[in-house]
Amino acid sequence: MRASRWPAWLWAALVIALCLQQAVFWRESRPDTDVIALLPGVQQDAMLTAANQRIVEGATQQVVVLVGSPDFERAKSTAQIFQEAIPASLLKPVTSDEAGDAALDFYATYRGSLLTSEQRRRLSHADITQLANAALARLYGPGLAGGLTEWRADPLGLWPMWWQARLGKGIQSRDGRISVSGNGLEWVLLRFETAASTFHINGNSGIQAALDNASARARTADPNVQILEAGVPLHAEAAAVRGNWEMDTIGFGSMLAVLILVWMAFRSLRPILLVALTLLVGTVAGVAATTMLFGKIHVLTLVFGASLVGVAEDFGILWFASRQAYPGTDTHALLRHLMPGLALALVTSVLAYLALGMAPLPGLQQMAVFSAAGLLAAFLTVVCWFPGLDRSAPRSSEFSRRIADSLSNWPRWRLPGKSAIAASLIAIAVIVSGLSRLQVHDDVRFLLNSPTALLQQEREVGRLLALPSPAQFYLVSGASAEEVLQREEQLKQRLDEVVVHGGLSGYAAVSDWVPSASRQGADARLSSTVESAVLAKVATAMGESIAPVSVPAARLGLDAWLKSPVSAPLRKLWLGKVDGRQGSLVMLQGLGARTDLRRMQSLAHGLPGVRWVDRTHDISGLLARYRWMMTLMLVAGYVLVAAALAWRFHREAWRALMPTALAALLSQALLGWLGEPLQLFTVLAHFLLLGVGVDYGIFLIEYRDDPSMWLAVTLGAVGTVLSFGLLALSATPALHTFGLTMLFGVTFAWLLSPCFRPAAGHVGSTHTGSTSQEIADAD
Amino acid sequence: MIRSILVAMALLLSLPCFAAEGDSIRDRLAKPAVLRGKFEQTRHLQGFRNALSSQGDFIVSRERGVIWETRKPFPSTTVISKSRLMTRQADGSTEIVFDKSHSPAAGIVNALMLALLGGDLDALSKYFTLKESTLPEGAWRVELTPRKSALAHVFERIVLQGDRYVRSVHLEEKGGDVTDIIFQSMHDTPAELEPSEARQFE
């Protein structure tokens, strides 16, 4: 019957349309490489979202370099050489004078109202006599008058101490550079910002290469110089470089493996070409569907799609295996014969992938759409084009025959039999013991895997500069800016106690630089009272009359501070107006493994408007929640697939599903034995396993005792194992676990599916081992 | 604080003396390991009608630092060691003005002091412009003007005078304060610190 030409032409037209769409799309866009877009949005409230955004914004573009040398002058000149060696187009140097003279002058206008908490305590419990004595000693001693102002204006030397406390322990501004001492060396700080406006990874290690080049130049100038580099862009680049390598290896590796397999089985170029065609069309369709639906496609979706190869080739292989078994049959008739199996396989796989897409993670939705569209396109290619394109006589091969024949010798699982019971018991034992050893691991750090050298430098830089930790902080909100500042101060009182006991090394808050108005007023009164008392006492002791000098004690307003360049480093802590309220962040320094996070959380109790935020914990909690949700959806997926199978196979549906379910349990148990933790990506792998594994059962039941089916299943399984097995090589722990789960799962599913095949001659509505004649007759 | 360094510098002048042929001041100065003596300091500060005079003893150890013992009119002790600067009052209370770990500026203090200890006029010239002039009978005079802005904020200029040891320091501050110190009765024996003196540096 020749009437079935039009599907082929229709499909051809569709494919051409897709290709055109792709050509247009790729002329203007590139794959989306924004890593941040993949992170689940913490949709709790506007204030928290603003806080998260602010932190991410600040962190993702900064690169920090410390150049160290025993001698400061040397460090300074080497740092200059380093900075000049970096192209500004790649990394823009950030200079800020917030620690310089201009800054000092800015704050000097308000200095009467500015006190550190240490100074406040000292002055409140001051013994005027003692202070007066100290002041006298300083006056008459070898000239220790502080030096920043004349003595009368600052008899207690409060101002230089306030300034030093702000700069931080050990950090100072020297000759226009910020420097810090540590590890016995003087370090000069260089700050850069990545020139790209959004955060992109493109597989080149541009930034790292530039830094290495600059280091080399610096080392020729001073061979003993130490250089430390840190910054989120470096980690992202390292991840991207590795990701690119993996994409190349896994994508090409799996494609190559599939093609070799097909050659060995079918000894002809045609199957290879046609299978490659289905894969190509599948990929194009997948990309087109994703870009049409989402407007962009992420690099990780492409990485995932590279392993789609292992699933989509099942359709083509099924076709060629059948053609090899029934060489004389008309291709269209063969297609009709295969249609139920193909269609059911497609439906179950697509159901499994779409269940995946129900997860609210944007990356997963893209992957689901990509995979479903790609599979559908591959299916349509086989269905519409293969009958027309593959008319020549298929070659047979010893390889195929051997595999196909092995089906009849495969053990069956028949319940009354002793071996069956023994096997079942062993299986149950393995499953139970393996699952009991399973640990759950939802830590978000599992998603990334930076090289140790980078991590070490990051830690060292953070320690030297006392950088605050971005993962845990306090969110302070209030009805007005003044209220926020006051609440910050209340929190800081509690934090001071923790600092004293060593749980923290310090904190950073806007109110350090801009105390609340009430605090400024109180401080101004306190210091002027104490200072005038001290002056009076000193005057008496000296027999002098000291004309008092007025100390500038204007109130520093938040707006003025925010507008001035001196607020540059801490401006990002002020969230400003969000949702009708004002908010700010209080960051913590020196949070270590020893810090009791629960204690930090409890510090916020009883303080209205103060909230403890632990982003690592939140995101890990989110991942755990998703894992739980997806496990439920996995069960739903199994139910849906079982329903679809029951509709087709009635009472024998369990035979198709059992191997996959067993394989899932066994592989999970095996992972438990190996110590691999259970996490979100493991559950993802189970989704794929469901889609792929159930196909084998379907083929073996739909076409019972048809050896060519076994060949198709074997080839398909090995192909899938090769493509996903390669993922187990990934350095990212998540992808590695994913690959391992698939590796074990598919292998078990492959080996177990013939064990559950129905006995020949069983009552059922499906085909028994047909002859070519029967197929042609059924036409 | 910085003023004290300069005083220390002056005392420690252990600066290399000049060559016998009136070549450089460096060769004229002795470089003892420990120098002891008396000082008389007069300060004219803004807002004070009378000058502030103090007298006392000092010990300069090239290795450990300076002990400045004010006896009149208000007794106190200031100890400048490698890592910090401390004042002790008559009532026993101590005050640490600068600690190197908290304020690396103290590191500069010590660096300067060490430069002096090493007899390194060149190190001084990193921070100041030197105008050296030799005077008859082995005497000399050096005028220092600060180079870097940080010091220029505080000091206008400094004048040192001496022969074998530094005899006087004249310090003018930007704010208009003037300090004059005169050293007397200097001797460089015993060349070791007494244990009680050494303990002060801890």
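This table checks each residue for (1) farther than 27 Å from residue B:138 by Cβ; (2) at pLDDT 70 or above; (3) not in a helix (DSSP H, G or I).
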{"residue": "B:5", "(1), (2), (3)": "no, no, no"}
{"residue": "B:10", "(1), (2), (3)": "no, no, no"}
{"residue": "B:19", "(1), (2), (3)": "no, no, yes"}
{"residue": "B:32", "(1), (2), (3)": "no, yes, yes"}
{"residue": "B:42", "(1), (2), (3)": "no, yes, yes"}
{"residue": "B:96", "(1), (2), (3)": "yes, no, yes"}
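Which condition from (1) at pLDDT 85 or above; (2) out of contact with any Phe, Trp or Tyr (no Cβ under 8 Å at 6 or more places or on another chain) is the one that residue A:561 breaks?
Against the list (1) at pLDDT 85 or above; (2) out of contact with any Phe, Trp or Tyr (no Cβ under 8 Å at 6 or more places or on another chain), residue A:561 comes up short only on (2).
Quick check, is residue A:323 of a type in the set (Lys, Arg), surrounded by 21 or more Cβ atoms within 10 Å (Cβ to Cβ) and more than 24 Å from residue A:640 (Cβ to Cβ)? First the steps, then the outcome.
Values: of a type in the set (Lys, Arg): yes; surrounded by 21 or more Cβ atoms within 10 Å (Cβ to Cβ): yes; more than 24 Å from residue A:640 (Cβ to Cβ): yes.
Yes: the conditions hold for residue A:323.
Kindly provide the set of residues from segment A:475-490 that are touching a helix residue (DSSP H, G or I) at 6+ places or on another chain (Cβ under 7 Å) and either closer than 14 Å to residue A:604 by Cα or surrounded by 17 or more Cβ atoms within 10 Å (Cβ to Cβ) (or both), ordered by number. It would help to see each step written out before you state the result.
Narrowing segment A:475-490 to residues touching a helix residue (DSSP H, G or I) at 6+ places or on another chain (Cβ under 7 Å): A:475-478, A:481-482, A:485-486, A:488-489.
Correct list: A:475, A:476, A:477, A:478, A:481, A:485, A:486, A:488, A:489.
Conditions (1) farther than 20 Å from residue A:694 by Cα; (2) touching a Pro at 6+ places or on another chain (Cβ under 8 Å); (3) assigned to a loop (DSSP other than H, G, I, E, B); (4) touching a residue at least 60 places away in the same chain (Cβ under 8 Å), marked per residue:
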site: A:370; (1), (2), (3), (4): yes, no, no, yes
site: A:375; (1), (2), (3), (4): no, no, no, yes
site: A:381; (1), (2), (3), (4): yes, no, no, yes
site: A:388; (1), (2), (3), (4): yes, no, no, yes
site: A:391; (1), (2), (3), (4): yes, no, yes, yes
site: A:400; (1), (2), (3), (4): yes, no, no, yes
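Could you look through segment B:154-184, keep only residues that are open to solvent by 40 Å² or more (accessible area, probe 1.4 Å) and over 16 Å from the mean Cα position of the chain (by Cα), and pick out the one that is farthest from the other protein chains (Cβ to nearest Cβ)?
Going through the qualifying residues, I end up with B:156.
Open to solvent by 60 Å² or more (accessible area, probe 1.4 Å) and within 24 Å of residue A:413 (Cβ to Cβ): which single residue out of A:628, A:654 fits that description? First the steps, then the outcome.
Values: A:628 fails: within 24 Å of residue A:413 (Cβ to Cβ).
Within the list A:628, A:654, the selection yields A:654.
Among B:37, B:65, B:56, which is open to solvent by less than 20 Å² (accessible area, probe 1.4 Å), in contact with a strand residue (DSSP E or B) (Cβ under 6 Å, 6 or more places away or on another chain), within 22 Å of residue A:151 (Cβ to Cβ) and more than 8 Å from every other protein chain (Cβ to nearest Cβ)? Walk me through it before giving the result.
Numbers: B:37 fails: within 22 Å of residue A:151 (Cβ to Cβ); B:65 fails: within 22 Å of residue A:151 (Cβ to Cβ).
From the options B:37, B:65, B:56, the qualifying one is B:56.
State yes or no: is residue A:672 touching a residue at least 40 places away in the same chain (Cβ under 8 Å), over 21 Å from residue A:349 (Cβ atoms), part of a helix (DSSP H, G or I) and open to solvent by less than 60 Å² (accessible area, probe 1.4 Å)?
Details: touching a residue at least 40 places away in the same chain (Cβ under 8 Å): yes; over 21 Å from residue A:349 (Cβ atoms): yes; part of a helix (DSSP H, G or I): yes; open to solvent by less than 60 Å² (accessible area, probe 1.4 Å): yes.
When the stated conditions are applied, residue A:672 passes them.
Scan segment B:108-117 and tell me whether some residue there is outside any loop (DSSP other than H, G, I, E, B), surrounded by fewer than 19 Cβ atoms within 10 Å (Cβ to Cβ) and at pLDDT 80 or above.
No.
Please return the ranges of strands (runs of 3 or more DSSP E) entirely within segment A:499-614 where 1 or more residues are within 14 Å of another protein chain (Cβ to nearest Cβ). Before the answer, list the steps.
Details: elements: A:506-508, A:574-578, A:581-589, A:610-614.
Answer list for segment A:499-614: A:506-508.
The values are calculated or read from the model by the stated rules, or taken from the named source; none is laboratory data. Only a predicted model underlies this, so the values are computations on that prediction, with no experimental measurement involved. Using ideal geometry, Cβ is built from the backbone for each residue, glycine included, and neighbour counts are taken over all protein chains shown. All accessible areas refer to the heavy atoms of the entire protein, side chains included, with ligands and DNA or RNA removed. Shrake-Rupley method; radii C 1.70, N 1.55, O 1.52, S 1.80 Å.
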